[in-house]
Amino acid sequence: MKKLCTAAAGALLLLQLHSLAQTTAKDSITLQHGAHRIGNRTDAGMARWRSLRLGQFIHWGLYAIPGGEWKGKTYNGAAEWIRSWKEMPQAEYDNLYKQFNPVNYQPEQWALQAKNMGAKYMIITTKHHDGFCLWPSKYSRYTVASSPWKKDIIGPMVDAYNKNGIDVYLYFSIIDWNHPDWRASPKTPADSIAYGRFKVFVKNQLQELLTKYPTIKGFWFDGTWDDSWKNDGAFSDELEQYLQKIHPGLIIGSRLRADEKGARHFDSNGRLMGDYEQGWERKLPEKIADIHGNDWEGVMTIPENQWGYNARWAGHIKSANELIEMLVKSTSLAGNFVINFGPKSDGTFRTEEVQRMQEIGQWMKVNGAAIYNGGYAGFEKQDWGYYIRKNGTDSVFMVVCNVPVSGDLRVKLPQQTTLTHAATLENPAQAITPEVTGKNEYFLRLETKNFHTPVVILLQTSRNTGNDNGRFEKAKT
Ligand code: FHN
């Protein structure tokens, strides 16, 4: 019972942060289509999402065919945006579906490698901004069914990942460059009528996806920043309610909706819309205050900004250790971390991606206990890395990413807490003897400094009276 006190303190801090964010929000604006809930969802589906922590994002579509190049020229933007490049004739892009034939696509193998990486959920692009559908939608002819491959891509993928214990989320772009009725910004009454038809099409496709793939856990919306979408908050609000009604528990992040004033993610009173904050793309929060107590997820590319397959990765390519550190940081700040992969058009993955999946998987095999169901610890952060608390327990992990030259890792526990045991996850049988350096303060010394991946130390603590008989009296100055 006593042991749970520090866990409770951490949870209380999060709650306080949440209520602080909510009470400081200006509630002066009356909104019909603002946030409909204060605080995080508390149901089992959302608790599960919160426990998964590591996800795999897959961007796969026609853009994998040019792979960032067209007629010998290299596009410097994100490969999946190549259709918008002036060097790429749109008609030629729109005909790429005639070449889509991923003969080496093996969903079981995809799922297995994601599982071995330690991913507990995945997000797949059913349709990116180009409008090409990876499922045979009855509402469009621009789908896999018209390609030489002919078969559904999504169904076998959902089955394979689910079979391997991985939850599936469907990415769906509202921007649809191929659809004749899509508009970024309707200018004329005719545009508005066309966009009205487009909204019906969107709703139909989403309903179709839910019917065809009923085991999915949520939608991951994108391409919702245009005027056409954000100026119709009523529609996105109704759509979210409709989807969650026909598929109870469905998880939808903050990208889908806008309020009636066009505010996105957070409504005009500063309250989060949707089930979690979805704006963390290629960046992560720095500190717990940045998340305002909300559930959140960060999505990350391995190179700078390439989601779909790009034959030439340029610039800085993140190593497995960098990605692991980002995962750890996200977990320590109570968020999920999703790493993106862009398979080639034949259905295989590039070597760099396979290597990273394997290296992360090796680390997760030993240290995954610190990640799954991990959250904010409430301990004072130190320069060596991050603390993670196993949610609802008294177990706190230190994930050591940088060892100081002294070799001593400072641990500062909350008041009236004593360190009773410390050992690495790699070698749990060998206890690390702490040196007491102050009231609730210790140095831990790792036996070897020659490690090549972050080391995780599990701390066990107990409560004390706080009376040290003057041993750590403060200086009187
Ligand atoms: O434009 C897209 C981009 O191509 C990619 O899909 C990312 C993934 O988060 N979302 C958009 C930009 O926010």
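Taken together, the values in this text are just the output of simple stated rules run on the coordinates, not laboratory data. Owing to the predicted nature of the structure, the values given are computational and were not obtained by experimental measurement. Glycine gets a Cβ as well: all are built from the backbone with ideal geometry, and neighbour counts include every protein chain shown.
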The range 172-217-the range 84-118 distance, computed between alpha-carbon centres (Å): 22 Å
Simple spin-label estimate for residue 190/residue 441, 7 Å along Cα→Cβ, in nm, reads 7.4 nm
Around residue 295, with a cut-off of 11 angstrom between Cβ atoms, what is the net charge of the other residues, counting Lys and Arg +1 and Asp and Glu -1? -1
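Filter the cross-link list 98/127; 73/283; 127/199; 86/318; 86/203; 120/412 down to pairs whose alpha-carbon distance in this structure exceeds 21 Å. Don't skip to the end; give the middle numbers.
Values: 98/127 17 Å; 73/283 30 Å; 127/199 15 Å; 86/318 29 Å; 86/203 31 Å; 120/412 32 Å.
Result: 73/283; 86/318; 86/203; 120/412 exceed 21 Å.
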Taking 0.36 nm per residue of sequence separation and subtracting the Cα-Cα distance, how much length would be gained by fully extending the chain between residue 369 and residue 211, in nm to one decimal? 53.4 nm
Relative to the present Cα-Cα distance, how much length would full extension add between residue 418 and residue 286 at 0.36 nm per residue of separation? 44.7 nm
Cβ charges +1 (Lys, Arg) and -1 (Asp, Glu), total dipole of the chain, debye: 520 debye
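Tell me the relative contact order for the chain as a rounded percent, counting alpha carbon contacts under 8 Å between residues six or more apart. Intermediate values should be presented prior to the final figure.
Details: 957 pairs, mean separation 86.9, N = 477.
About 18 percent, as a whole number.
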What FRET efficiency would be calculated for the residue pair residue 73, residue 322, taking the C-beta separation as r and a Förster radius of 22 Å, to the nearest 0.05? 0.10
For the range 374-463, what does the relative contact order come out to in percent, with C-alpha contacts under 8 Å and a separation of six or more? 32 percent
How high is the FRET efficiency from residue 472 to residue 431, r the C-beta distance, R0 25 Å, rounded to 0.05? 0.60
Would you mind checking the tilt of helix 154-163 against the longest principal axis of the Cα atoms of the chain, expressed as 0 to 90 degrees and rounded to 10? 20 degrees
May I have the extent of the alpha carbons of the chain along their three principal axes, as whole Å values ordered from largest to smallest? 81, 53, 40
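Can you give me the Kirkwood hydrodynamic radius for the range 209-327, using every pair of distinct Cα atoms, in Å to one decimal? Don't jump to the answer; show the numbers that get you there.
Values: mean 1/r = 0.0614 Å⁻¹.
Evaluated over the range 209-327, this radius sits at 16.3 Å.
Once R0 is set to 41 Å, what does the formula 1/(1 + (r/R0)^6) return for the Cβ-Cβ distance between residue 238 and residue 362, expressed as a FRET efficiency to the nearest 0.05? Each step should come with its number before you reach the end.
Numbers: r = 46 Å, r/R0 = 1.13.
Calculated transfer efficiency: 0.30.
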Based on the alpha-carbon gyration tensor of the range 374-463, what equivalent-ellipsoid semi-axes (square roots of 5 times the eigenvalues) come out, in whole Å, largest first? 18, 15, 13
With bins 10 Å wide starting at 0, give me the P(r) of the range 418-477 over every alpha carbon pair, in whole percents. 18, 44, 24, 12, 2
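Taking every DSSP beta bridge with both residues inside the chain, roughly what % is antiparallel (nearest 5)? Numbers along the way, then the final one.
Working: 33 of 63 bridges.
For the chain, the DSSP antiparallel bridge percentage is about 50.
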Note the full-extension length gain between residue 103 and residue 197 as 0.36 nm times their separation in residues minus their Cα-Cα distance, in nm to one decimal. 30.3 nm
Relative contact order, percent, of the range 360-412 when contacts are C-alpha pairs under 8 Å separated by at least 6 residues? 28 percent
